[in-house]
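Just below is one structure, and these are the notes that go with it.
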Amino acid sequence: MCGICGFSGKTDFNILKKMANTILHRGPDEDGYYSDDKLNLGMRRLSIIDIATGHQPIHNEDKGIWTIFNGEIYNFQNLRKDLKKKGHQFYTDHSDVETIVHLYEEYGDEFVNELNGMFAIALWDKKKERLLLIRDRMGIKPIFYSIINGKIIFASEIKAILEHPDYVKSMNYEAVYHYFTLKNVPSPLTAFEGIYCLLPGEMLVYSAGNVLKKKWWKIRFLENNNINYIEAKDKILVLLKDATRLRMISDASFGAFLSGGVDSSAIVALMTEFSDKPIKTFSLGYEDQLKNKEADLYYARKVSKFYKTQHYEYIMPYNELINNIEDVITAFDQPFSGTISTYFLSKLIKKHVKVALSGDGADELFGSYLSHRTAQPMYHFKRLYKKVKTGDITKEEQNLLAPCGIKFIQGLYDISNGDEATWRYNLYLFTDYEKNNLLSYNFKSKLKNTNTFKLIKKNFEELTSSDPLNRILEMEWNTQFPDQVLAFVDFLSMAHSIEVRSPFLDYRLVEFMSTIPGDMKIKNGNIKHILKEAVEPLLPKGITNRPKEGFVLPIFDWLMQQMKNFTFDLLSEKRLKRHGFLNNETVQYILNQYYNGNIMYNGRIWNLMMFQIWWEKYFYKT
């Protein structure tokens, strides 16, 4: 795992090292550089595989191809064997990165299809003067770029691009406008004008000042309605087991996140099959005795005891959030109001291991979130609407609306007429109408017909699935998942130099799950039904039946009580005037509504707070 950066043009090691030093946390073990007056490559390395000889940048036999790499290639051992049989000569002992330059020699741009892993790759073909930037299938590893006067600047994090003297920092109003709805900036946009994020499964080719982008992989949902349930369940476990085995290949110490939920518990259970030593596991708790959070530690301890893991807990006080909140935003370089728990648990993990396996991706594959739970009930409600209105709906038909209540579904139907893009849009934070009141004239004057609903609608128009649940899963897999979920996993763990690997994101499992009908994933309102049945024999009793809590901080509990003064100060009229982008009256109304008991505003307050912290960090000059 590493941090990479670079730019085209004349050699300038001062700039290159400044860029690399901003991402020191991604690779504290060593640095490496290459320059030939055409392209500059820099990297910071977190040594995981081939610690002794796997130094980057890495080259092929005649040094005509160079690469810097962030991530892991899990099938590198087989790839090296095959490439050696074809006559390729390796100079490292067992580096996974060296397979990249030889695969490129063998297969050209198509080499990336041979990789099973998570990665952001910069590959320089010196003879052809051609740079490839490549992001992995799921978008686990990020890569950003900017084109300025025909020159390219790229990096694992935005902060490195900001360090380049050719980039002049300015806010992207369109991107920030969408943030207030989505809780994150939607890629390929970033919160900085002229800086873009490569999409998951995308390749950028830069040559002679020209840029070409192309998709080399995209998930496609083609349901097999004739699939046998038992066979599907068994195959899920086989694929998950092998994905876990591959992700335990490491020359550095490793452990696992353990929340006590189905996903992380299943990964820990499978890890014990491939280790003759106790697995190190890590859980997050809180000093406040919050009943909704005490269950996490209880079930995590239960799993730990069952599998005799070496278990560690991090008990976090609320003021640690206040003290670290700017560092959290700095990890993203963008406004972000999604989950941030990973940042705090990674503090503990760093003391014990370099690598941690996690259960990330299971919710998005098998169906778990509110939008997922709503998809099938909305589909059936629309179909049964006349029966609901006349009261002729049967008990069996009512069960089709599980796990949602009729009132909730009725309310969502009334504002959407059952249109999937519309009801999904109404589950986000601020609507376009609400943002019209929230944002000042000064902010809105910078927009050009920007509309978040149109963005959501476009996302739905590009779907391949016809299944009501899978359509939501597919839409979010291509948008919210990489932009929000994978973003917080990567940026917040790498802020503490921790590599996170998720077996659920193995592309073989992902592609198989895209063929599974939605009613096997959520059945009779039971979320992740087929996954739970697949892993239940591995787990202690009660794990698959516990209510989902989620690996999230109790931020809203803290906002209402301990963080109240902090919140009012951060969103005070005095501080909002520093930029003049938000209408103070609207913000104060939201605050007053929340602190008078209307908890529906909690997410919006957090969203506004994180924007304010971001803007002050990157643009406010005292």
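The values are calculated or read from the model by the stated rules, or taken from the named source; none is laboratory data. Predicted model only: the values in this text are computed from it and were never measured. Cβ: placed from backbone, ideal geometry, glycine included. Neighbour counts: every protein chain shown.
Quick check, is Ile236 buried (at least 20 other Cβ atoms within 10 Å of the Cβ), touching a helix residue (DSSP H, G or I) at 6+ places or on another chain (Cβ under 9 Å) and over 30 Å from Phe154 (Cβ atoms)? Please lay out each step first, then the result.
On the way: buried (at least 20 other Cβ atoms within 10 Å of the Cβ): yes; touching a helix residue (DSSP H, G or I) at 6+ places or on another chain (Cβ under 9 Å): yes; over 30 Å from Phe154 (Cβ atoms): yes.
In short, yes.
State the number of residues belonging to region 12-30 that are under 24 Å from Ala356 (Cβ atoms) and not in a helix (DSSP H, G or I).
Number of matching residues: 5.
Return the residues of region 118-141 that are outside any loop (DSSP other than H, G, I, E, B) and among the basic types (Lys, Arg); say none if nothing qualifies. It would help to see each step written out before you state the result.
Kept after step one, since they are outside any loop (DSSP other than H, G, I, E, B), are these residues of region 118-141: 118-125, 130-135.
The answer is Arg130, Arg135.
Could you grab me the full set of residues in region 355-373 that are of a type outside the set (A, V, I, L, M) and out of contact with any Phe, Trp or Tyr (no Cβ under 7 Å at 6 or more places or on another chain)? First the steps, then the outcome.
Of region 355-373, the ones of a type outside the set (A, V, I, L, M) are 358-361, 363-364, 366-369, 371-373.
Scanning region 355-373 gives Phe366, Gly367, Ser368, Tyr369, Ser371, His372, Arg373.
Please enumerate the residues belonging to region 433-450 that are farther than 20 Å from Gln612 by Cβ and surrounded by 15 or more Cβ atoms within 10 Å (Cβ to Cβ).
Answer for region 433-450, where residues must be farther than 20 Å from Gln612 by Cβ and surrounded by 15 or more Cβ atoms within 10 Å (Cβ to Cβ): just Thr450.
Being over 30 Å from Pro468 (Cβ atoms), part of a loop (DSSP other than H, G, I, E, B) and among the polar types (S, T, N, Q) is the filter here, so list the residues in region 190-233 that pass it.
Step one: filter region 190-233 for residues over 30 Å from Pro468 (Cβ atoms), giving 190-196, 198, 203-214.
Of the ones still in play, those that are also part of a loop (DSSP other than H, G, I, E, B) are 190-191, 193-195, 198, 208-209.
Once the filter is applied, which keeps residues that are over 30 Å from Pro468 (Cβ atoms), part of a loop (DSSP other than H, G, I, E, B) and among the polar types (S, T, N, Q), region 190-233 yields only Thr190.
Hey, any hits in region 404-427 for a residue that's crowded, with 16+ Cβ neighbours inside 10 Å, among the aromatic types (Phe, Trp, Tyr) and in contact with a Ser or Thr (Cβ under 6 Å, 6 or more places away or on another chain)?
Yes - at least one qualifying residue is present in region 404-427.
Can you name the residue in region 167-189 that is polar (S, T, N, Q) and surrounded by 21 or more Cβ atoms within 10 Å (Cβ to Cβ) and is also farthest from the chain's Cα centre (by Cα) among such residues?
Kept after step one, since they are polar (S, T, N, Q), are these residues of region 167-189: 170, 172, 181, 184, 187.
Of the ones still in play, those that are also surrounded by 21 or more Cβ atoms within 10 Å (Cβ to Cβ) are 181, 184, 187.
On the way: Thr181: 17, Asn184: 11, Ser187: 12 Å.
The selected residue is Thr181.
For Met600, indicate whether it is in a helix (DSSP H, G or I) and at pLDDT 95 or above. It would help to see each step written out before you state the result.
Values: in a helix (DSSP H, G or I): yes; at pLDDT 95 or above: no.
It is false that Met600 is in a helix (DSSP H, G or I) and at pLDDT 95 or above.
Which members of region 149-205 meet the condition of being at negative phi and of a type in the set (D, E, K, R)?
Matches in region 149-205: Lys151, Glu157, Lys159, Glu163, Asp166, Lys169, Glu174, Glu193, Glu202.
So Arg578 passes all but one of these: (1) basic (Lys, Arg); (2) over 27 Å from the mean Cα position of the chain (by Cα); (3) in a helix (DSSP H, G or I). Which condition number does it fail?
With respect to (1) basic (Lys, Arg); (2) over 27 Å from the mean Cα position of the chain (by Cα); (3) in a helix (DSSP H, G or I), Arg578 is out only on (3).
Assess whether Met43 counts as being buried (at least 24 other Cβ atoms within 10 Å of the Cβ) and part of a strand (DSSP E or B).
Details: buried (at least 24 other Cβ atoms within 10 Å of the Cβ): yes; part of a strand (DSSP E or B): yes.
Criteria met by Met43.
Criterion first (more than 30 Å from Tyr173 (Cβ to Cβ), without any contact (Cβ under 8 Å) to a residue 40 or more places away in the chain and not polar (S, T, N, Q)) does Gly359 satisfy it? Break it down into steps so the answer makes sense when it comes.
Values: more than 30 Å from Tyr173 (Cβ to Cβ): yes; without any contact (Cβ under 8 Å) to a residue 40 or more places away in the chain: no; not polar (S, T, N, Q): yes.
Considered against the rule, which asks whether it is more than 30 Å from Tyr173 (Cβ to Cβ), without any contact (Cβ under 8 Å) to a residue 40 or more places away in the chain and not polar (S, T, N, Q), Gly359 comes out as no.
Which residues, counting only those in region 581-597, are in contact (Cβ under 8 Å) with a residue 12 or more places away in the chain and either part of a helix (DSSP H, G or I) or surrounded by fewer than 17 Cβ atoms within 10 Å (Cβ to Cβ) (or both)? Spell out how you get there, then give the answer.
Within region 581-597, the first condition is being in contact (Cβ under 8 Å) with a residue 12 or more places away in the chain, and the residues that meet it are 581-583, 586-588, 590-591, 594-595.
Of everything in region 581-597, those that are in contact (Cβ under 8 Å) with a residue 12 or more places away in the chain and either part of a helix (DSSP H, G or I) or surrounded by fewer than 17 Cβ atoms within 10 Å (Cβ to Cβ) (or both) turn out to be Thr586, Val587, Gln588, Ile590, Leu591, Tyr594, Tyr595.
Could you check how many residues of region 385-415 are within 30 Å of Glu585 (Cβ to Cβ) and either touching a residue at least 12 places away in the same chain (Cβ under 8 Å) or in contact with a Cys (Cβ under 7 Å, 6 or more places away or on another chain) (or both)?
Initial filter on region 385-415 (within 30 Å of Glu585 (Cβ to Cβ)): 411-412, 414-415.
With either touching a residue at least 12 places away in the same chain (Cβ under 8 Å) or in contact with a Cys (Cβ under 7 Å, 6 or more places away or on another chain) (or both) added as a condition, the list becomes 412.
Qualifying residue count for the region: 1.
For region 581-622, how many residues meet the condition of being among the polar types (S, T, N, Q) and in contact with a helix residue (DSSP H, G or I) (Cβ under 7 Å, 6 or more places away or on another chain)? Don't jump to the end; show me each part of the working.
Of the residues in region 581-622, the ones among the polar types (S, T, N, Q) are 583-584, 586, 588, 592-593, 596, 598, 602, 607, 612, 622.
Then keep just the ones that are in contact with a helix residue (DSSP H, G or I) (Cβ under 7 Å, 6 or more places away or on another chain); that gives 583-584, 586, 593, 602, 607, 612.
So the answer is 7.
Restricting to region 47-81, and then to whatever is assigned to a loop (DSSP other than H, G, I, E, B) and at pLDDT 95 or above, can you tell me which residue is surrounded by the fewest Cβ atoms within 10 Å (Cβ to Cβ)? Full working, then the answer.
Residues of region 47-81 that are assigned to a loop (DSSP other than H, G, I, E, B), as a first pass: 47-57, 60-64, 74-75.
Filter once more, keeping what is at pLDDT 95 or above: 57, 60-64, 74-75.
Values: Pro57: 22, Asn60: 21, Glu61: 14, Asp62: 9, Lys63: 11, Gly64: 14, Tyr74: 24, Asn75: 16.
Only one residue fits best here, namely Asp62.
When only residues in region 552-575 that are not in a helix (DSSP H, G or I) and not hydroxyl-bearing (Ser, Thr, Tyr) count, which is modelled with the lowest pLDDT? Spell out the reasoning first.
The initial filter retains those residues of region 552-575 that are not in a helix (DSSP H, G or I), namely 552-554, 561-563, 571-572.
Among the residues that remain, those that are also not hydroxyl-bearing (Ser, Thr, Tyr) are: 552-554, 561-563, 571.
Working: Val552: 77, Leu553: 86, Pro554: 90, Gln561: 91, Gln562: 94, Met563: 96, Leu571: 98.
Across region 552-575, the extreme among qualifying residues is Val552.
Determine, yes or no, whether Thr309 is within 21 Å of the chain's Cα centre (by Cα), of a type in the set (Val, Ile, Thr) and either under 27 Å from Phe611 (Cα atoms) or crowded, with 16+ Cβ neighbours inside 10 Å (or both).
no
Taking the condition of being β-branched (Val, Ile, Thr) and part of a helix (DSSP H, G or I), how many residues in region 603-622 meet it? Let's see the steps before the verdict.
From region 603-622, those β-branched (Val, Ile, Thr) are 605, 613, 622; that's our starting set.
Applying the additional criterion that residues be part of a helix (DSSP H, G or I) yields 605, 613.
Residues that pass the stated criteria total 2.
Any idea which residue in region 142-162 is nearest to the chain's Cα centre (by Cα), counting only those that are part of a strand (DSSP E or B) and of a type in the set (Ser, Thr, Tyr)?
Within region 142-162, the subset part of a strand (DSSP E or B) is 144-148, 151-155.
This time we only want the ones that are of a type in the set (Ser, Thr, Tyr), so: 145-146.
On the way: Tyr145: 18, Ser146: 21 Å.
For region 142-162, the residue satisfying everything is Tyr145.
Which one is farthest from Phe221 (Cα to Cα), of the residues in region 451-484 that are of a type in the set (A, V, I, L, M) and surrounded by fewer than 21 Cβ atoms within 10 Å (Cβ to Cβ)?
To start, the set of residues in region 451-484 that are of a type in the set (A, V, I, L, M) comprises 455-456, 463, 469, 472-473, 475.
Filter once more, so that each one left must be surrounded by fewer than 21 Cβ atoms within 10 Å (Cβ to Cβ): 455, 463.
Working: Leu455: 21, Leu463: 8 Å.
For region 451-484, the residue satisfying everything is Leu455.
How many residues, within region 236-263, are modelled with pLDDT of 95 or more and either assigned to a loop (DSSP other than H, G, I, E, B) or within 15 Å of Pro537 (Cα to Cα) (or both)?
Within region 236-263, residues that are modelled with pLDDT of 95 or more and either assigned to a loop (DSSP other than H, G, I, E, B) or within 15 Å of Pro537 (Cα to Cα) (or both) number 10.
Could you identify the single residue in Asn226, Asn210, Asn172, Asn113 that is closer than 30 Å to Leu429 by Cα and either assigned by TED's automatic domain parsing to the domain that holds Ile58 or without any contact (Cβ under 8 Å) to a residue 12 or more places away in the chain (or both)? Lay out the reasoning, then the answer.
Working: Asn226 fails: closer than 30 Å to Leu429 by Cα; Asn210 fails: closer than 30 Å to Leu429 by Cα; Asn113 fails: closer than 30 Å to Leu429 by Cα.
None of the others qualify; the one that does is Asn172.
Give just the number: which of (1) within 20 Å of Ser253 (Cα to Cα); (2) surrounded by 21 or more Cβ atoms within 10 Å (Cβ to Cβ); (3) in contact with an Asp or Glu (Cβ under 9 Å, 6 or more places away or on another chain) does Gly27 not satisfy?
Only one criterion is unmet by Gly27, namely (3).
Tell me, which residue of region 314-344 that is in contact (Cβ under 8 Å) with a residue 40 or more places away in the chain and among the aromatic types (Phe, Trp, Tyr) is farthest from Leu553 (Cα to Cα)?
Checking each candidate, the answer is Phe332.
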